[in-house]
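First the structure, in the form of structure tokens, and then the observations on it.
The values are calculated or read from the model by the stated rules, or taken from the named source; none is laboratory data. The model shown is predicted, which means the values in this text are computed figures rather than measured ones. Cβ atoms come from the backbone with ideal geometry, glycine included; neighbour counts cover every protein chain shown. Surface accessibility is based on the protein's heavy atoms, side chains included, excluding ligands, DNA and RNA. Shrake-Rupley method; radii C 1.70, N 1.55, O 1.52, S 1.80 Å.
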Amino acid sequence: MSAKTNSYERFPLARRIEHLTMLLSFTILGLTGLPQKFPTAALSIAFVNLLGGIENLRSIHHVAAIVMMLGTIWHLLVFGYMAYVRRTRLSMLPSLQDAKDGIQALLYNVGLAKTFPQMGRYTFEEKMEYWAFVWGTAVMVVTGFMMWNPIATVKFLPGEAIPAAKAAHGAEAVLAVLAIIIWHMYGVHLRRFNKSMWTGKLTEEEMRHEHPLELADIRAGTA
């Protein structure tokens, strides 16, 4: 804890760089992917022309996809190191308590519970968003690879797998973009402006409000 700022470190620099890398790659993937999903839209046509044609747009899309895949691999390596070498507590794994917290939060929001649930390092909302991103990334990587390498794909799967992959890829892309714009934007930037992924820290007041159980563990020396 810093005595001057009365704040607690939440994310180290490496994790913040990882987040920024995924943010940029995701944004580029969305900007270059949606025009391919909706090719006849006027905005899509204008954006494709701005980038110099569909081939340029696809090349940028592929580069961003590679960056996201490398970022995912790095994340998995860090996860393995933290879990199996340093034996860090896997606090992002969902649990029964998360379901209870979700129900209590719902009841509180509709006026049927007196208190909002107290949560630890990661709230049930953060876990839901994280695992939704994990699932979405897996779907996008698999279906994107199939479309990028159709000849290799049909050596092992029937030809119908390619249009099926295209449909799944496009639908998941729209869902992911909407989730970021609506869910993530509201939860992290509008409802409360959480700056921890940029500054790496949360103030004591923010910790007490958002992660009181983690704050208690830090003070007890068990975090």
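Here are some notes:
- Qualifying residue in segment 152-160 (condition: of a type in the set (A, V, I, L, M), surrounded by fewer than 17 Cβ atoms within 10 Å (Cβ to Cβ) and in contact (Cβ under 8 Å) with a residue 12 or more places away in the chain): no
- Applying the set (1) open to solvent by 50 Å² or more (accessible area, probe 1.4 Å); (2) part of a strand (DSSP E or B) to LEU202 leaves exactly one unmet item: (1).
- Test result for MET69, among the hydrophobic types (A, V, I, L, M, F, W, C), at pLDDT below 95 and closer than 21 Å to LEU175 by Cβ: yes
- Filtered residue count, segment 205-216, keeping only those that are open to solvent by less than 70 Å² (accessible area, probe 1.4 Å) and either farther than 22 Å from ARG16 by Cβ or not in a helix (DSSP H, G or I) (or both): 3
- Test: residue in segment 117-135 that is among the hydrophobic types (A, V, I, L, M, F, W, C), over 19 Å from the mean Cα position of the chain (by Cα), surrounded by 15 or more Cβ atoms within 10 Å (Cβ to Cβ) and not in a helix (DSSP H, G or I): yes
- Across segment 31-43, the qualifying residues are those that are in a helix (DSSP H, G or I) and aliphatic (A, V, I, L, M), and the one among them that is most open to solvent (accessible area, probe 1.4 Å) is LEU43.
- Any chance MET82 is crowded, with 16+ Cβ neighbours inside 10 Å, assigned to a helix (DSSP H, G or I) and modelled with pLDDT under 95: no
- Tabulated pairs, segment 100-111, first among the small types (Gly, Ala, Ser), second assigned to a helix (DSSP H, G or I), C-beta under 9 angstrom, 6+ apart or interchain: GLY102/PHE124; GLY102/GLU125; GLY102/MET128; ALA105/PHE124; ALA105/GLU125
- Tally, over segment 85-108, of residues that are open to solvent by 70 Å² or more (accessible area, probe 1.4 Å), in a loop (DSSP other than H, G, I, E, B) and farther than 18 Å from MET128 by Cβ: 3
- From the list ILE54, ILE28, ILE66, the one residue that fits, being open to solvent by 60 Å² or more (accessible area, probe 1.4 Å) and out of contact with any helix residue (DSSP H, G or I) (no Cβ under 8 Å at 6 or more places or on another chain), is ILE66.
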